[in-house]
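What follows draws every value from the coordinates through simple rules; no lab data is involved. Keep in mind that this is a model prediction, so the values were computed, not measured. Ideal geometry is used to build each Cβ from the backbone, glycine not excepted, and the neighbour counts take in all protein chains shown.
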Amino acid sequence: MSNPYQPVQAKILDVIEETPNIRTFVLKPEREIPFLAGQFVELTIPGFGEAPFTPSSSHFRRETLEMTIMRVGRATGALFTKKPGDLLGIRGPYGKPYPLKEFEGRDIYIVGGGVGLAPLRALFLALTEEKKKYGRIFLRYGARTPKDIVYKKQLKEWEKIKGVDIDLSVDAADEPWERKVGVVTCLMDEIPCDVKKSVAVVCGPPIMMKFVTKKLLEAGFPGGSIYLSMEMNMSCGLGQCGHCRLGPYFTCKDGPVLTWEQIKDIEEPFL
Amino acid sequence: MDAYFLPNHRCSSWLASLAGRFNLFYPREVDEAVHWQRYDANDFNIEQLALRKIRAAEPIKPFFFSPRERVASFPEPVEPETKMKPTLLFGVKGCDLRGIAVHKRMFLEGEFADPFFAQRLNNTILLGADCPAPERTCFCNLLGLKPFLTEDVDLSLTVIDDGWLIEALSERGAELMQMENGLQKATDSQIAKREEQRQKAMRILKEQNPKDWNPNLAQAIADKTADKRFWIDAARDCVECFGCLLTCPTCFCFLLYDQGNAERFERSRVWDFCYLPMYARVGGGANPRARFIDRFINRFHCKFMHSKNQNGFYACSGCGRCFSTCMGRIDIRNILGQL
């Protein structure tokens with residue numbers, strides 16, 4: 001019986017500055033981490049502890065993992081002192097991935113906010129890797145300001161992919177900005193897909209997910225077709241320690257991707 | 001399997017022979033309370049073996065799920081100790097087995113099995129003992145449990161006047177009985193005495209817990225959740241000492257934390273408690289149960305709603321330790337009985 005608490009070593013290959021507070025860490029674990037888009041891993045910052053993060057890279061390329069991480073606290077602060085060549089620990093993958101089989105043949109309407117685009121990037125890359133299986137892909141993404149947008153170069157590349165439709169907004173344009181200004185729901189006044197036959201995927205700050213979900217429901221998306229990243233306080237990752245309890249679910253085991261149908265009866269699911 | 005009788009004059013020597021083979025722990029009466037004690041031949045008197053009393057003050061949980069345990073290290077890995085001498089818990093009561101059932105479900109039956117718990121459980125012989133005289137804090141009958149053991153232990157033991165009735169309930173138990181050549185096949189009259197004693201214990205439990213709980217308690221709790229007034233009244237005397245969680249045999253929450261530096265660290269697992277304000281706080285600082293009343297309700301959800309719905313049984317053993325230890329004298333029977 002293997003020890004699920006024991007991390008494996010992962011070397012940092014590269015650190016990419018996405019925004020002043022968000023970096024993408026490219027990691028090479030000493031053994032392959034067989035994740036699927038939507039699953040998460042526990043990343044150990046030696047001497048500081050561990051925290052859950054969802055890989056942002058394609059699950060078709062597992063020899064390295066990319067994690068796009070915002071500096072918010074003690075552990076991520078320590079992580080931001082790391083440089084290429086340093087070692088981290090990693091264990092996982094944990095949780096349930098996006099159910100890509102159920103997405104086949106359907107349009108996919110993705111809404112991301114801030115660093116929430118990271119798990120969605122893994123999904124986007126998985127979808128575009130096998131694009132023929134799916135319908136059109138719509139990506140709606142909002143950030144606070146233009147400089148807070150992650151994956152700036154990739155977004156430009158993705159816009160060129162046939163069948164992909166991307167629209168962006170910022171809450172405030174403090175520098176020249178040619179696209180929409182407003183919270184991400186301002187991109188959702190017209191939803192250009194057949195909502196009854198499409199799936200919606202949302203990841204971002206809780207308040208953003210709350211209002212995006214409201215908008216999706218108003219547009220007619222069935223609750224079972226709205227997939228939300230409910231990344232709570234996941235700790236052990238094994239469905240055992242109890243910390244990430246969300247109603248009847250352990251988010252680390254039953255999520256982190258849960259449908260609105262699953263969580264709609266929980267009192268205040270978006271904190 | 002058949003029951004066997006061990007006369008009083010041979011009990012001490014059987015215990016001593018078992019202690020030679022196992023790390024043997026037994027319930028010992030100390031200042032009118034019962035506590036688990038490691039057997040030490042130089043400090044053992046059969047009179048202190050508290051088999052006729054109810055469960056010990058502390059649950060058997062720590063024998064399998066340590067309050068603090070090193071579970072990983074970096075860069076050299078940690079693996080469970082495999083060369084430990086087997087443990088024998090002599091005199092486990094029926095209520096404590098519910099804790100093992102909950103922990104087996106949590107730690108062994110998911111996608112990721114806990115090797116530390118598994119190793120300890122496999123390495124432990126459970127010898128159960130009847131509870132002949134349930135006390136006022138006991139309510140195992142309300143949970144469908146009995147004050148005696150007919151399954152889920154290796155051996156079952158009943159104290160009668162002139163000796164012990166012992167029954168093997170597993171192959172491991174049968175092997176242990178072969179170590180003692182003083183065993184005699186139990187007579188019909190001895191078995192009748194055991195039955196009479198067991199029925200008496202059942203009667204005591206029924207008399208002190210006459211009213212069954214709502215048969216659909218999980219749903220009743222769900223329906224009552226929004227009635228905050230009910231829960232505020234129920235929790236009024238709570239001083240948030242967490243004694244109920246600390247002594248509960250079924251609670252399983254834990255916290256992982258690392259100590260060390262960038263070159264070398266150790267990861268420990270310690271018991272955690274859902275009543276702690278910081279327990280459910282999520283990244284970014286939000287807290288789904290920032291108010292104590294929500295944490296209080298969560299305990300009932302966890303034990304009596306989610307566990308029942310997901311596992312088919314309540315995460316409660318009816319041991320009454322939560323009540324015994326409660327500074328506010330909150331008896332959960334009163335709360336659940338109103339649903």
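One table, with the values for the structure above:
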{"quantity": "Some residue of segment B:56-73 being more than 23 Å from the chain's Cα centre (by Cα) and within 14 Å of another protein chain (Cβ to nearest Cβ)", "calculated": "yes"}
{"quantity": "Failed condition for residue B:89, given (1) closer than 29 Å to residue A:250 by Cβ; (2) of a type outside the set (Asp, Glu); (3) in contact (Cβ under 8 Å) with a residue 12 or more places away in the chain", "calculated": "(1)"}
{"quantity": "Every residue from segment B:95-104 that is farther than 24 Å from residue B:40 by Cα and within 8 Å of the chain's Cα centre (by Cα)", "calculated": "B:95, B:97, B:98, B:99, B:100"}
{"quantity": "Residue tally, condition more than 14 Å from chain B (Cβ to nearest Cβ) and out of contact with any Lys or Arg (no Cβ under 7 Å at 6 or more places or on another chain), over segment A:223-254", "calculated": "5"}
{"quantity": "Scope segment B:233-289; condition among the β-branched types (Val, Ile, Thr), within 10 Å of another protein chain (Cβ to nearest Cβ) and part of a strand (DSSP E or B); matching residues", "calculated": "none"}
{"quantity": "Members of segment B:295-339 found to be within 12 Å of chain A (Cβ to nearest Cβ), surrounded by fewer than 17 Cβ atoms within 10 Å (Cβ to Cβ) and out of contact with any helix residue (DSSP H, G or I) (no Cβ under 8 Å at 6 or more places or on another chain), listed by number", "calculated": "B:310"}
{"quantity": "Residue in segment B:81-103 that is in a helix (DSSP H, G or I), surrounded by 16 or more Cβ atoms within 10 Å (Cβ to Cβ) and at the interface with chain A (Cβ under 10 Å from one of its Cβ atoms) present", "calculated": "yes"}
{"quantity": "Some residue of segment A:210-222 being assigned to a loop (DSSP other than H, G, I, E, B), surrounded by 15 or more Cβ atoms within 10 Å (Cβ to Cβ) and of a type outside the set (Lys, Arg)", "calculated": "yes"}
{"quantity": "Condition check for residue A:47: in contact with an Asp or Glu (Cβ under 8 Å, 6 or more places away or on another chain), surrounded by fewer than 17 Cβ atoms within 10 Å (Cβ to Cβ) and without any contact (Cβ under 8 Å) to a residue 60 or more places away in the chain", "calculated": "yes"}
{"quantity": "Lone unmet requirement of (1) of a type outside the set (Asp, Glu); (2) under 17 Å from the mean Cα position of the chain (by Cα); (3) not in a loop (DSSP other than H, G, I, E, B) for residue A:13", "calculated": "(2)"}
{"quantity": "Count of segment A:241-260 residues which are aliphatic (A, V, I, L, M) and over 17 Å from the mean Cα position of the chain (by Cα)", "calculated": "1"}
{"quantity": "Count of residues meeting criterion [surrounded by fewer than 20 Cβ atoms within 10 Å (Cβ to Cβ), away from chain B (no Cβ under 13 Å) and either touching a residue at least 12 places away in the same chain (Cβ under 8 Å) or among the β-branched types (Val, Ile, Thr) (or both)] in segment A:1-18", "calculated": "4"}
{"quantity": "Pick from segment B:256-284, criterion under 24 Å from residue A:6 (Cα atoms) and either touching a helix residue (DSSP H, G or I) at 6+ places or on another chain (Cβ under 6 Å) or acidic (Asp, Glu) (or both), ranking: surrounded by the fewest Cβ atoms within 10 Å (Cβ to Cβ)", "calculated": "B:263"}
{"quantity": "Checking residue B:70 against (1) of a type in the set (Lys, Arg); (2) in a helix (DSSP H, G or I); (3) within 28 Å of residue B:243 (Cβ to Cβ), the condition it does not meet", "calculated": "(2)"}
{"quantity": "Test: residue in segment A:61-74 that is among the charged types (D, E, K, R), more than 14 Å from chain B (Cβ to nearest Cβ), touching a Pro at 6+ places or on another chain (Cβ under 7 Å) and at negative phi", "calculated": "yes"}
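Each row is one residue, and each column tells you yes or no for (1) part of a loop (DSSP other than H, G, I, E, B); (2) hydrophobic (A, V, I, L, M, F, W, C).
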position	(1), (2)
A:101	no, no
A:140	no, no
A:147	no, no
A:168	no, yes
A:172	yes, yes
A:178	yes, no
A:193	yes, yes
